[in-house]
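As structure tokens, the structure follows; a few thoughts come after it.
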Amino acid sequence: MQMRKTNDGDELSALGFGAMRLPTKNGMINKEEAKKQIYYAIDHGVNFIDTAFPYHAGSSESFLGEILQGEYREKVKLCTKLPSWFVNSYEDMEKYLEIQLEKLKTDCIDYYLIHSLG
């Protein structure tokens, strides 16, 4: 796997895994297939996983929180995005960060972006 070094020293795989279009079944994430895909990617060197608050009607972050525990969480840098359209104050930013940390079942989001900043 080709790697790229960030300015802060992280080594990220040149190929990341986006959790916006996971396989679905009956309109919901096909958890068995999606888990296989993500674990395969990680086991083959992908170490950057991207998601966001609205992906899969809000269930992408929760799904990743379920499957990225223990050794798999330690192997990846996790990226998600603040849903800017819900933010009207600093308190809103804190609120959504806490919601996302809970959904992702982590105490650290490695890369936190602002989604749809207009």
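The values are calculated or read from the model by the stated rules, or taken from the named source; none is laboratory data. All figures in this text were calculated on a predicted structure; none of them were measured in a lab. All Cβ positions, even for glycine, are placed from backbone atoms using ideal geometry, and neighbour counts span all protein chains on display.
One table, with the values for the structure above:
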item	result
Any chance Ile38 is under 15 Å from the mean Cα position of the chain (by Cα), of a type in the set (A, V, I, L, M), outside any helix (DSSP H, G or I) and at pLDDT 95 or above	no
Qualifying residue in segment 81-103 (condition: modelled with pLDDT of 95 or more, under 17 Å from Gly16 (Cβ atoms) and touching a helix residue (DSSP H, G or I) at 6+ places or on another chain (Cβ under 8 Å))	no
Residue tally, condition over 20 Å from Ala14 (Cβ atoms) and either charged (D, E, K, R) or part of a helix (DSSP H, G or I) (or both), over segment 46-71	13
Any pair with Cβ under 6 angstrom, 6 or more apart, that starts in segment 21-44 at a residue that is at positive phi and ends at one that is assigned to a helix (DSSP H, G or I) and of a type in the set (Ser, Thr, Tyr)	none
Looking only at segment 58-91, and only at residues there that are under 27 Å from Tyr39 (Cα atoms) and among the small types (Gly, Ala, Ser), the one that is surrounded by the most Cβ atoms within 10 Å (Cβ to Cβ)	Ser60
Total residues in segment 80-118, condition closer than 19 Å to Gly70 by Cβ and in a helix (DSSP H, G or I)	4
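One line per residue, one yes/no per condition, for (1) without any contact (Cβ under 8 Å) to a residue 40 or more places away in the chain; (2) closer than 22 Å to Gly27 by Cβ; (3) of a type in the set (Val, Ile, Thr):
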position: Ala52; (1), (2), (3): no, yes, no
position: Ser59; (1), (2), (3): yes, yes, no
position: Val76; (1), (2), (3): yes, no, yes
position: Pro83; (1), (2), (3): yes, yes, no
position: Glu91; (1), (2), (3): yes, no, no
position: Gln100; (1), (2), (3): no, no, no
position: Lys103; (1), (2), (3): no, yes, no
position: Gly118; (1), (2), (3): yes, no, no
